[in-house]
Every structure is written in C-alpha cells, then in structure tokens.
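The values are calculated or read from the model by the stated rules, or taken from the named source; none is laboratory data. What you are looking at is a predicted structure, and each value in this text was computed from that prediction instead of being measured. Glycine gets a Cβ as well: all are built from the backbone with ideal geometry, and neighbour counts include every protein chain shown. These area figures cover heavy atoms from the full protein model, side chains too; ligands, DNA and RNA do not enter into them. Shrake-Rupley method; radii C 1.70, N 1.55, O 1.52, S 1.80 Å.
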Amino acid sequence: MLQTGIKGYQEIIVTEEDTAKAHKSGTLEVLATPRMAALMEETAWKSVAGELESGMGTVGIRLELDHLAPTPVGMKVYCESILEKADGRKLSFTVIAKDEKGEIGKAVHERFIVEEEKFQNKANQKKN
C-alpha cells in the first residue's frame with residue numbers, strides 16, 4: 001500500500017496550445033480549464049508511478065476542480081499534488097496550481113490503481 005504524503009510537482013509555461021481558445025473551452029487566450037485539469041492529473045499520477053509494481057498504473061476516476069484566476073500566455077504555472085489517502089487501490093489527492101502571481105486552481109482528485117494490460121484489454125473489448 002502506498003504511504004500518504006507523497007508529493008508531486010510539475011510546471012509549464014502557458015503557450016497558445018494551452019489556451020481556452022485552442023481547447024475550444026472558450027474564446028480567450030488564457031490557460032484553459034481542461035489544460036489545467038490535465039496538468040493536475042499528470043502531476044498526481046506521476047507522483048506515485050515510481051512506487052507501483054511493474055505493470056501497474058493509475059487511472060483517474062474523479063476530479064473536482066475550481067479554476068480561480070486566469071493565466072495569460074507566457075506565464076509559468078506550477079502544480080503540486082499530495083497523496084492524502086490510500087484506501088486499498090483508491091488514491092485521493094489534493095492538487096494546487098499557481099502562476100507567478102498566486103493560486104489559480106485547486107482540486108480534489110481520485111485515481112484507482114489498475115493492472116495496465118488487463119485494463120487496456122477490457123477497454124479494447126468495447127470495440128468488438
């Protein structure tokens with residue numbers, strides 16, 4: 001079982017490809033909420049990936065996100081996660097995103113530990 005307290009960290013510089021306009025989630029050239037969500041998920045899963053047995057991974061099952069402030073193209077965004085709870089295969093994280101001026105987002109994120117090959121095969125069976 002994973003120990004609580006595992007921390008993750010990622011950072012990006014917002015580009016045109018990261019904007020609401022590019023993600024079709026709005027018309028403005030600011031960090032898109034879907035891009036922030038992806039960064040938060042990435043930060044969480046990467047934080048625990050090295051602690052898992054070979055062939056195991058995690059999948060996101062819940063993301064409750066508050067996007068608190070806009071970030072323009074060219075600014076750096078910092079994302080930090082902390083594993084708050086490990087209940088069997090269910091993992092719960094708190095995730096905070098900040099830009100150079102302060103907090104821009106916060107989330108509660110849950111992931112589930114899966115056997116990657118088995119999970120992928122089950123998903124692929126949907127095509128049959």
Within region 70-106, the count of residues that are over 27 Å from Leu52 (Cα atoms) and either open to solvent by 10 Å² or more (accessible area, probe 1.4 Å) or touching a helix residue (DSSP H, G or I) at 6+ places or on another chain (Cβ under 8 Å) (or both) comes to 15
In region 107-123, anything open to solvent by 90 Å² or more (accessible area, probe 1.4 Å), without any contact (Cβ under 8 Å) to a residue 60 or more places away in the chain and assigned to a strand (DSSP E or B) is listed as none
If we keep only residues of region 44-63 that are in a strand (DSSP E or B) and open to solvent by 70 Å² or more (accessible area, probe 1.4 Å), then the residue nearest to Lys21 (Cα to Cα) is Arg62
Sole miss for Asp66 among (1) out of contact with any strand residue (DSSP E or B) (no Cβ under 6 Å at 6 or more places or on another chain); (2) surrounded by fewer than 20 Cβ atoms within 10 Å (Cβ to Cβ) is condition (1)
Among residues of region 1-43 being open to solvent by 20 Å² or more (accessible area, probe 1.4 Å), among the β-branched types (Val, Ile, Thr) and in a strand (DSSP E or B), the residue farthest from Tyr78 (Cα to Cα) is Val30
